[in-house]
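A short write-up of the structure that comes next.
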Amino acid sequence: MTGGLVFSPTAPLDEASQDEQDLVARLVAADPAAVGEVYDQHHRAVRAFASRLVGDAAAAEDLVHEVFVTLPRAMRGYRFESSLRTFLISIAVNHARHHVRSATRRRAAMSRLALEPEGNSADPEQVQRRKELASLLTKALDTLPLEQRVTFVLCEVEERTSREVSEITGVPEGTVRTRLHHAKKKLREELSPRGLE
Amino acid sequence: MTDDLLKAATRALHEETADDGADGRFTRARVMASLHQGKVKRRTRLAFILPVAACLAAGTAFGAATGRLPAMLHAISEVVSYGRKPAEPKRSSPQPAPAQKPAPAAKQVPPPLAETAVAPTPAAAQAKPSGAKAEPALSAAKPTPAPSSSAAFQDADGDLYRLAHEAHFDAHDYGRALAGWDAYLRSAPNGRFATEARYNRAICLLRLGRDSEARLALEPFASGRMGYRQTEARQLLDELSR
């Protein structure tokens, strides 16, 4: 994983609107109202990505919190080369390591104690099956290195293009494809012995 | 088969996390509280560093203007070396005595180490007012302004408290309320309403059927350590142990 936010110099956004530039200036000045505004616009996307990446609602919330708290400092490196949402996701990627590790540890402990929390649902069978599959994949993701995990979640679960993923992770598209290939291979191996009915 | 399974699992994870229904208000309030906290910390740091820097600059300027700067520097170095001596008490070959006489100023300046070590930290100064009056939880919904340096920070914490209170007492959504009380206590562990929040958290655990956790959370109240709702807590514990 890259150390900081590295954006490949792909085509910059044509013209950042005046509003957006103002917003960025306010963010750099750590204006809480501006952070609130960005939060309201993008928190769902960031939360969805965080949940998919860490596989744990509480850890995902912590990651979302960290993304928006560190946003003003991170904005100093923002050059309008990608959308704000993509930039937020890249911040999440940069801060994910610790959260993924703690969520993985928690999951391992929970499964040892067989305390996996269960939700209640109106449509039990289908939802239960979906939950099982999602949880199976999350556990398989725990075995991947963070770079491959991030790439798989961004490419396959979030269905982003390799170019977008390259912007977010700051590595060339070729590297993205290689990481994805290795991730899928490992996940297939990981899922095969566990296969569901 | 595995390919299908991987695809199905990927789709399941996508759908499972597509919209978890969380409106993110708690996290938003946490973000705001953290930003305010950061601002307050920066200000406090500045308020501490500026006077120290000003004193240093003024002292240096005074020394330079009166020609006492070398003597002052010498005195400071004497003090520093005097302060260091106890750290290495058992040397086989003790340091030779300084060749020149210490400047008279050196004798007048006491070693500053002990003073700085016991200086109260801002956190200690802001410690929770002990024995907070036991107020009913409902009345705490409308917090009155407390004597504090940062009204904005109070507001951010107040928001967290209000959200948790609303989820608990208006919506009766105890899962959300529990998350809310946790968020408030994380943000303001020594806040004005921390005691009430802890009690309400215990009630949420009870409502959610997490008896053992509830018991642990009620213990300090029942024992009277918290000075709040002792009788109720004791009754609840009695009920739980039946």
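The values are calculated or read from the model by the stated rules, or taken from the named source; none is laboratory data. Here the structure is a predicted model, which means the values were calculated and not measured. With ideal geometry, Cβ positions are generated from the backbone for all residues, glycine too; neighbour counts draw on all protein chains shown.
Things worth noting here:
- Evaluated against (1) assigned to a loop (DSSP other than H, G, I, E, B); (2) of a type outside the set (Gly, Ala, Ser); (3) free of Cβ contacts under 8 Å to residues at least 60 places away in the same chain, A:Val176 falls short on exactly one condition, (1).
Here is a yes/no grid of residues against (1) at pLDDT 85 or above; (2) assigned to a helix (DSSP H, G or I); (3) touching a strand residue (DSSP E or B) at 6+ places or on another chain (Cβ under 7 Å):
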{"position": "B:Ala140", "(1), (2), (3)": "no, yes, no"}
{"position": "B:Pro143", "(1), (2), (3)": "no, no, no"}
{"position": "B:Ala156", "(1), (2), (3)": "no, yes, no"}
{"position": "B:Phe169", "(1), (2), (3)": "yes, yes, no"}
{"position": "B:Glu213", "(1), (2), (3)": "yes, yes, no"}
{"position": "B:Leu216", "(1), (2), (3)": "yes, yes, no"}
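Residue-wise test of (1) under 12 Å from the mean Cα position of the chain (by Cα); (2) over 15 Å from B:Ala29 (Cα atoms).
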residue	(1), (2)
A:Ala33	no, no
A:Val38	no, no
A:Val46	yes, yes
A:Leu53	yes, yes
A:Ala57	no, yes
A:Asp62	no, no
A:Phe68	no, no
A:Arg76	no, yes
A:Ser83	no, yes
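- Flag for A:Ala134 being part of a helix (DSSP H, G or I), facing chain B (nearest Cβ under 9 Å), of a type in the set (A, V, I, L, M) and more than 22 Å from A:Phe87 (Cα to Cα): yes
- The range B:200-236, residues that are under 17 Å from B:His172 (Cβ atoms) and under 25 Å from the mean Cα position of the chain (by Cα): B:Asn200, B:Arg201, B:Ala202, B:Ile203, B:Cys204, B:Leu205, B:Ala214
- Residues in the range B:34-69 that are within 30 Å of B:Tyr184 (Cβ to Cβ) and exposed (fewer than 13 other Cβ atoms within 10 Å of the Cβ): 7 in all.
- For the residues A:Leu113, A:Leu84, A:Leu180, the requirement of being modelled with pLDDT of 85 or more and farther than 30 Å from A:Val24 by Cβ singles out A:Leu180.
- Among residues of the range B:22-38 being in contact (Cβ under 8 Å) with a residue 24 or more places away in the chain and charged (D, E, K, R), the one that is nearest to the other protein chains (Cβ to nearest Cβ) is B:Arg30.
- Meets criteria (of a type in the set (Val, Ile, Thr) and more than 21 Å from A:Arg85 (Cβ to Cβ)) for A:Thr169: no
- Residue identified as facing another protein chain (nearest Cβ under 10 Å) and surrounded by fewer than 18 Cβ atoms within 10 Å (Cβ to Cβ) among A:Glu125, A:Glu173, A:Glu159: A:Glu159
- For the range B:172-196, filtering for residues that are in a helix (DSSP H, G or I) and either within 15 Å of B:Phe26 (Cα to Cα) or not assigned by TED's automatic domain parsing to the domain that holds B:Asp159 (or both) leaves 14.
- Residue among A:Phe80, A:Phe49 that alone is aromatic (Phe, Trp, Tyr) and in a helix (DSSP H, G or I): A:Phe49
- Any pair with Cβ under 6 angstrom, 6 or more apart, that starts in the range A:147-161 at a residue that is over 13 Å from A:Gly55 (Cα atoms) and ends at one that is β-branched (Val, Ile, Thr): A:Thr151/A:Val176; A:Leu154/A:Val165; A:Cys155/A:Val165; A:Glu156/B:Thr10
- Test: residue in the range B:154-167 that is under 22 Å from B:Arg30 (Cβ atoms), in contact with a Leu (Cβ under 9 Å, 6 or more places away or on another chain) and polar (S, T, N, Q): no
- Members of the range A:33-43 that are surrounded by fewer than 20 Cβ atoms within 10 Å (Cβ to Cβ) and facing another protein chain (nearest Cβ under 7 Å): A:Gly36
- For the range A:60-75, the criterion of being of a type in the set (Ser, Thr, Tyr) and at pLDDT below 90 is met by no residue.
- Filter pass, B:Ala202 being out of contact with any strand residue (DSSP E or B) (no Cβ under 8 Å at 6 or more places or on another chain), crowded, with 22+ Cβ neighbours inside 10 Å, at pLDDT 90 or above and not hydroxyl-bearing (Ser, Thr, Tyr): yes
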